[in-house]
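Take a look at the structure set out below.
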Amino acid sequence: MRRPLWLFAVACLVCAPAWALPEQTWVVAISNNRGEANELALLYADRDAQQFAQAMQVNGGVSPLRTVVMSAAKAEEVRDTILALNARIRETAEGKPTALVIFYSGHADAQSLHLAGSRLRLEELEAMVRGSAATVRLLVIDSCRSGTVTRVKGVRPAPEFEMNVQGEVATEGMAIITSSAAGEWSQESDELRGSFFTHHLVNALRGAADQNEDGRITLAEAYAYTYAQTLRSSGRTAALQHPTYAYDVKGKGELVLANPETGGKTGRLRLVESTTYIVSEEHEGGPVLAEVTPAREAATLALPEGKYFIQERLPTEYREYDVNVAAGGELSLAALPYRRIRYDQLVRKRGAEQTSVHGLFLLGAGRGEVLPGERGSPQVLAGYSLDLPWFTLQARLRGATASGLGPEGQLPRRHDELGVGLALQRFVDFSAFSLGFGLLTEAVLHQQTFSGTRDAPTRDALGGGFGGLISIERHLVGGLALHVEGGPMTLVFREAQVREFAVQGDSLASPFTWWAAGGLIWRL
Amino acid sequence: MAAVRGALFALLLLAGCGDALVPGDYGGEKKLLLRGKIDDATPALLLPTEVVRTGIFWNPRGVETPQALTELIEQPSNSRYTKYPGGFEWSLFDEPEPSQRFQMPNGGQYAFGVPLAYVDANSNRRWDPGEQFVADSPISAVLFVPAPLSAEDSPTGHSVDPGYYVILNDRPCSAPPQPPAEGDCGVPLGARCDVDRDCNGGECILGTLLPWPGGYCAIPEPPPNGCRPRQGALVSDPPTGKTWWMQACQHPSDCTRGFPYQCELTRGACLPSAHVTMVGSRDIQPKSFCQAPPPDGSGSPP
């Protein structure tokens, strides 16, 4: 229900005037992996601050000379730095527009930032930012329970993102973005090597948030994207995380935080669908640079020059690209070759978010002799397939009919089989095909009926069967694949001992034979 | 492993349920099993093949002696390839067709056939004119009764229940008068024996034209001690002219000694007549269902 509303809100921004960050924009990126003594050390807070600062330089055009990165910072150092910066802005502004962007990543509680045993009260931080002479002030806090700061006196909290924040911060004022609501945890991801919030905020600045295709990332677009993606990412974990936004502004217009097209040593990568992309450095399995879900189709992402492995996660398959991004260059994924990875393969590689793939199959089959004098009978095999990370489970229904004439053609007969079975397979996926091997077992209902003038009653029997299974699959189109399988098999049943064409007794038989089948499997 | 063992155990349990499946050579539920042998002629026939075709040839005129073998009708579905010479087990699965049965004026019917062996020269699994008959049975025939037959209608002279039977076709043409038999005699008729004294005053039969496996206690006629058993049946052996009092029977279940002993319908006695002996010959001729007594009348009961 929310998505249409905030889409509408963002769409309204299209018609608003936009203002880029002024030349004199200062960025202070503060971080400390360590908080209070009883708090578990964070792993990526310092990296978050570095990534944010770099994104503001590369995509936001902020000068490195006006960027301060404070890793492992203590409260006193932060206080001194901000106050000093405020003084400098007052001295150098000379009536020109200025901006101050304060970013913090680290531990906090509802009252204070926790900086390696020292504390900086949120009210004090907010007051320092508010008291800055900069015409535009942006405070971004990525810490647990950071939403408290959006409730401090003087800023209007936006209770939900749907609130229309159309450009009111552009000319003068203050905005606060936090990574989580009051009382919520902010989470880090080992896979992303950073916090969910900062990761998505940085991707937003790289271009993923560009909703209106103007090549610029406004504050509202960045927040909208970061809010949605942080919520989605944290949705896979135990605790949801809702970023918050608050503002205290004058004037009209949109504040442009980044213009990815103007990056320095970056290239542009035009994506295809509005779906999730995993951008890994160098190769598959390399460090994840970005997990982005662009706000629209054909969005452009600004990436540092280099080699990337990109996984495009479509509803029916994954596509994998190897991309070389050159500084100042532009690539379109649509024009690049890719490897198609079906979901069943992904499940089996344990590389997909979903852990199972359902399928239906229909096969024609043949089998070697089981009863002496009975030739291999044509069979139909239908079933349900469930691909799981470690194996593929199949429920199978098999029907078979064999016929014969009896000794000297005197007793025409028909042998029907209905088998219900289970198969367990382990697939190995190659580029052109998948090879599976496993075991199958089934319960079989047999019926032998006889025609003609002789006295030969219908015979109904239950039996079993088990055997080995080797299969080969070749993907055709969509979820459809060609499937061929076969293997050795033993059927167990009571077999009559016949002497001089008449039954003399019976015994348990377990003939060893072969079977083969081929047909189509359709994965849903 | 426990799951695998459990699955295998379940399969074995499943496999024990229901009927046994029959292989391709299953011919149906047999009506009659003929067990016996084919002896070569003397001198040997020197056939071009070791395999002959044996079949039941039905006489549409019942027990009336045919003029020629060509009057008999083979039922190919009941015929088998058999090693010559050699033993055989030969199951009959099909009932004689109506055209192969003897129709009586009163509506009753039966089928009477004789086993014959021939060389199936063209391998078409049926006898064709010109194909050589090479063996027949001197004393065995097959009787099929589709509905109960009274003693008057039955060619055996005894009432017969529906079914297939191996019978002897060498009974006397005219039933000899049976002397009164009222004694108990103490002889275990039909019991196993090795020597006469095993029979408590009776005679231990060890062989005639038929094999008598295990011996057979009987009382010769006339009895040495004059005692004729009232529970016995008087049976003559036309080839030898001998006559004995033997174990009487009316139904197959009355005879309990097992193959080759059975309730022989033409005699009403338990006899080792289930074993079918065929003998090779260069000149197979139609046989009469009954045999006249020897010209001198020897062996006839008093």
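The values are calculated or read from the model by the stated rules, or taken from the named source; none is laboratory data. What you are looking at is a predicted structure, and each value in this text was computed from that prediction instead of being measured. Quick reminder, even Gly has a Cβ in these numbers, built from the backbone with ideal geometry, and neighbours come from all protein chains shown.
Can you find a residue that is modelled with pLDDT under 95, of a type in the set (A, V, I, L, M, F, W, C) and crowded, with 19+ Cβ neighbours inside 10 Å anywhere in the stretch A:428-437? Taking every residue of the stretch A:428-437 in turn, none turns out to be modelled with pLDDT under 95, of a type in the set (A, V, I, L, M, F, W, C) and crowded, with 19+ Cβ neighbours inside 10 Å. Scanning the stretch A:361-376 for residues that are out of contact with any Leu (no Cβ under 7 Å at 6 or more places or on another chain) and away from every other protein chain (no Cβ under 12 Å) gives A:GLY364, A:GLY366, A:ARG367, A:GLY368, A:GLY376.
If you filter the stretch A:392-416 down to residues that are crowded, with 18+ Cβ neighbours inside 10 Å and at the interface with chain B (Cβ under 10 Å from one of its Cβ atoms), you find that the one that is farthest from the chain's Cα centre (by Cα) is A:GLN410.
Within the stretch A:487-496, can one find any residue that is in contact with a helix residue (DSSP H, G or I) (Cβ under 8 Å, 6 or more places away or on another chain), among the β-branched types (Val, Ile, Thr) and under 23 Å from A:ARG375 (Cβ atoms)? Yes, because at least one residue in the stretch A:487-496 is in contact with a helix residue (DSSP H, G or I) (Cβ under 8 Å, 6 or more places away or on another chain), among the β-branched types (Val, Ile, Thr) and under 23 Å from A:ARG375 (Cβ atoms). Every test in (1) without any contact (Cβ under 8 Å) to a residue 24 or more places away in the chain; (2) of a type in the set (D, E, K, R); (3) within 30 Å of B:THR82 (Cα to Cα) is passed by A:ARG494 save one, and that test is (1).
Only one of the numbered conditions (1) in contact with a Leu (Cβ under 9 Å, 6 or more places away or on another chain); (2) modelled with pLDDT of 95 or more is violated by A:THR458, and that is (1). Residue-level check: of (1) in contact with a Leu (Cβ under 6 Å, 6 or more places away or on another chain); (2) without any contact (Cβ under 8 Å) to a residue 12 or more places away in the chain, A:LEU303 misses just (2). Suppose the filter is in contact (Cβ under 8 Å) with a residue 24 or more places away in the chain, more than 10 Å from chain A (Cβ to nearest Cβ) and surrounded by fewer than 17 Cβ atoms within 10 Å (Cβ to Cβ); does B:THR42 pass it? Against the criterion (in contact (Cβ under 8 Å) with a residue 24 or more places away in the chain, more than 10 Å from chain A (Cβ to nearest Cβ) and surrounded by fewer than 17 Cβ atoms within 10 Å (Cβ to Cβ)), B:THR42 does not qualify. Checking each residue in the stretch B:153-191 for being among the polar types (S, T, N, Q) and closer than 21 Å to B:PRO115 by Cα picks out B:SER154, B:THR156, B:ASN169. Note on the stretch A:446-456: residues that are at the interface with chain B (Cβ under 7 Å from one of its Cβ atoms) and either exposed (fewer than 15 other Cβ atoms within 10 Å of the Cβ) or closer than 12 Å to A:LEU418 by Cβ (or both) amount to 3.
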